[in-house]
Amino acid sequence: MEKVIIEVRINEYASRNRNAHVPFSPAEICEEALQCRRAGASIVHYHARDPKTGAPSAKAEVYADTARRIRDKSDLLIMPTLGAWTLPSPEARMSHIVEMAKDPATKPDFAPIDMGTSNVDVFDQRAHRFVSDDVVYMNTTNTLQYFARTIREAGVRPVAVLWNVSAIRLTTAFIEAGLFEPPIYSEIVLTEGGLFAGNPGTVRGLESMVDFIPPHVEWSVMCAGGNLFPLVGAAIERGGHIAIGLGDYPYAEFGTPRNSELVERVALMARQVGREVATPTDARRILGLA
Ligand code: ZN
């Protein structure tokens, strides 16, 4: 079986309330990323944040500063976010990627595309009520085609982010339409914590997605709002890759771990069942970047 690629999802828009190790500034993100590289990660996914408050930032220079630091000190594959419903237009979501791609020192390797539209209201499971009830994460087919073309023109590789089976079918159509060039790196998104846009973070939730993954699509699995570890063994056994980090979940099960500790645990589990951990060079080859 192919080596396991570990992607670290280093910060998202997670707060420090439950784990103070969530990195905000470019220097903090870089330092965490280097630790994760040593622990076995080959891809780093990050969101730009205000260095002090952690508020979401859309500034291209913050994205670029982070990428420059990481590339300067490591061979990690770099995947900034596109931003999501927090930004006003498809062009605004894309602009930092286009800017970063102009300079080889900051050019991203990957940019993620969420392959569909979802309701993203969160249900407060303690209070038994919705925190919001009208938040739609809109990605029209037109927008998705625009993302695919713009990312390709920038010389960056897309990551197909799969929230449901419909997203997998759309990815297949994008390959058939020549918008995506295989092999494609994809991420299966399972959702817990009161977010219902994805399948549950269980082995059944994962398997019912994996059943539909077409050839030439490499898949990883992540769990937004939940502990991924109950699924890590199942994903590794089925040939999948792992996308994990404090951005998705604080992992209080381990106290207040750092991102690198999560990566280290995944790497150990993979080796225990006989799958080697991919280096960034391996990941480049597996995902068609080499
Ligand atoms: Zn993200």
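Things worth noting here:
- Subset of the range 225-272 [aliphatic (A, V, I, L, M) and in contact (Cβ under 8 Å) with a residue 60 or more places away in the chain]: ILE236, ILE242, ALA243, ILE244, LEU246, ALA252, LEU262, VAL263, VAL266, ALA267, ALA270
- Filter pass, ILE78 being closer than 29 Å to GLY116 by Cβ and either in contact with a Leu (Cβ under 8 Å, 6 or more places away or on another chain) or within 16 Å of the ligand (Cβ to nearest atom) (or both): yes
- Residues in the range 238-283 that are assigned to a loop (DSSP other than H, G, I, E, B) and within 22 Å of ALA14 (Cβ to Cβ): 11 in all.
- Being more than 16 Å from the ligand (Cβ to nearest atom), free of Cβ contacts under 8 Å to residues at least 24 places away in the same chain and not acidic (Asp, Glu) is not true of PRO51.
- Residue in the range 63-74 that is touching a Phe, Trp or Tyr at 6+ places or on another chain (Cβ under 8 Å) and away from the ligand (no atom under 16 Å from the Cβ) present: no
- The helices (runs of 4 or more DSSP H) falling completely within the range 163-237 include none with 1 or more residues that are in contact with a Phe, Trp or Tyr (Cβ under 9 Å, 6 or more places away or on another chain), surrounded by fewer than 16 Cβ atoms within 10 Å (Cβ to Cβ) and modelled with pLDDT under 95.
- Extreme residue, surrounded by the fewest Cβ atoms within 10 Å (Cβ to Cβ), among residues of the range 1-40 that are charged (D, E, K, R) and within 15 Å of the ligand (Cβ to nearest atom): GLU12
- Screening the range 81-108 for residues that are within 13 Å of the ligand (Cβ to nearest atom) and of a type in the set (S, T, N, Q) and picking the one that is nearest to HIS47 (Cα to Cα) gives THR81.
- Within the option set PRO88, PRO80, PRO112, being at pLDDT below 95 and closer than 19 Å to TYR13 by Cα holds for one residue only, PRO88.
- For the range 245-265, the count of residues that are surrounded by fewer than 23 Cβ atoms within 10 Å (Cβ to Cβ) and within 16 Å of the ligand (Cβ to nearest atom) is nonzero.
The values are calculated or read from the model by the stated rules, or taken from the named source; none is laboratory data. All of these numbers come straight from a predicted model, not from anything done at the bench. Cβ coordinates were reconstructed from backbone atoms using ideal geometry, including for glycine residues, and neighbour counts include every protein chain displayed.
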